[in-house]
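Notes follow once the structure below has been shown.
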Amino acid sequence: MNIKTIDLSKRYNKKGSPDIEVLKNINLEIKSGEKVAFTGPSGAGKSTLVHILGLMDRPTSGKVFAGDKDCFASSDGYLCSMRKENIGFVFQFHYLLSDFTVLENVLLPVWKDRAEKLKKAEGVLEKAGLSHRKNHFPNELSGGEQQRAALARALINDPKIIFADEPTGNLDRATGMEVEKLLFESSSERGATLVLVTHNEELAAKSDRIIKMTDGQIK
């Protein structure tokens, strides 16, 4: 799925102080199936941009298109459906629910249809090398296993776009490379667009295109 932005800006209002301008007139196009990495110093606006592209936050001004749809001209119900049906998220922290097993965590995005999706979830876990861990709880997993479980959860609905915000930031190099391999293989197999935020130059170099950000702008 293509992603396009037109004059995208984000400002935060702080009472008694000037507005904080985090994104400044971002014009960007990411082609369907492309693997893109956003890089740049902390505070450059990378995560804010990805959260808006992933429809988790609204811009102050400008437009975001997913396919031909002007997303933020639509209702909150549309944004929710779009996230559920077309978008997968992987973050630096796994955000697995501690009282749920690994299998239950993977099924969370499709909980209402979990009986129908059970075999699919087991298949995704097998691909992630976690079949033997499906009935374990998150605190029984290593950091790398937790992150692979989070990726499996992001893939349960075969998303058209995968957003990964510092997906290996909490992992050692060897474990991070395992997660990177799974992330790239999974997006390629599905023909999904992959959007990364990373400070890891080696990870960024594996993408089709590196987009550098500084002070809320694309350089």
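Throughout, read-outs are computed from the coordinates displayed, never taken from laboratory work. Predicted model, so just to flag it, every value in this text is computed and none were measured. Note that each Cβ is placed from the backbone with ideal geometry, even for glycine, and that neighbours are counted across all protein chains shown.
Some observations on this one:
- Listing H132, H94 from fewest to most neighbouring C-beta atoms within 10 Å gives H132, H94.
- Sorting the Cα pairs of region 172-219 by distance into bins of 5 Å, from 0 upward, gives 5, 16, 28, 25, 14, 10, 3 percent per bin.
- The ranking of R209, R133, R11 by Cβ neighbour count inside 10 Å, starting from the fewest, reads R209, R11, R133.
- Rg/Rh for region 1-72, where both radii come from Cα atoms and Rh is the Kirkwood radius: 0.99
- Under the simplified labelling scheme, the K119-N135 pair shows an inter-label distance of 2.1 nm, with each label point 7 Å from Cα along Cα→Cβ.
- Isotropically averaged projected area of region 66-190, using the convex hull of Cα atoms (one quarter of hull area), nm²: 8.1 nm²
- When the listed pairs K112/K181; K117/K160; K84/K212; K31/K160; K24/K63 are checked against a 20 Å cut-off, the alpha-carbon distance exceeds it for K112/K181; K84/K212.
- Region 15-42 and region 156-199: distance between their alpha carbon centers, rounded to Å: 19 Å
- With R₀ set to 35 Å, the beta-carbon distance separating D7 from K84 gives a calculated FRET efficiency near 0.80.
- Remark: I210, I26, I20 ranked as I20, I210, I26, counting other beta-carbon atoms within 10 Å and listing the fewest first.
- Expressed to the nearest 5 percent, the antiparallel share of DSSP beta bridges inside region 3-218 is 50 percent.
- Tail beyond 13 Å, pair distance distribution of region 51-114 (Cα, percent): 70 percent
- Dipole magnitude for region 3-218: about 380 debye, using +1 per Lys or Arg Cβ and -1 per Asp or Glu Cβ, origin at the Cα centre.
- The distance linking region 59-76 with region 92-117 is 28 Å (Cα centroid to Cα centroid, whole angstrom).
- Descending principal axes extents, the chain, alpha-carbon based, whole Å: 51, 38, 37
- Using 0.36 nm per residue and subtracting the Cα-Cα separation, the extra length available between W111 and S74 on full extension is 10.8 nm.
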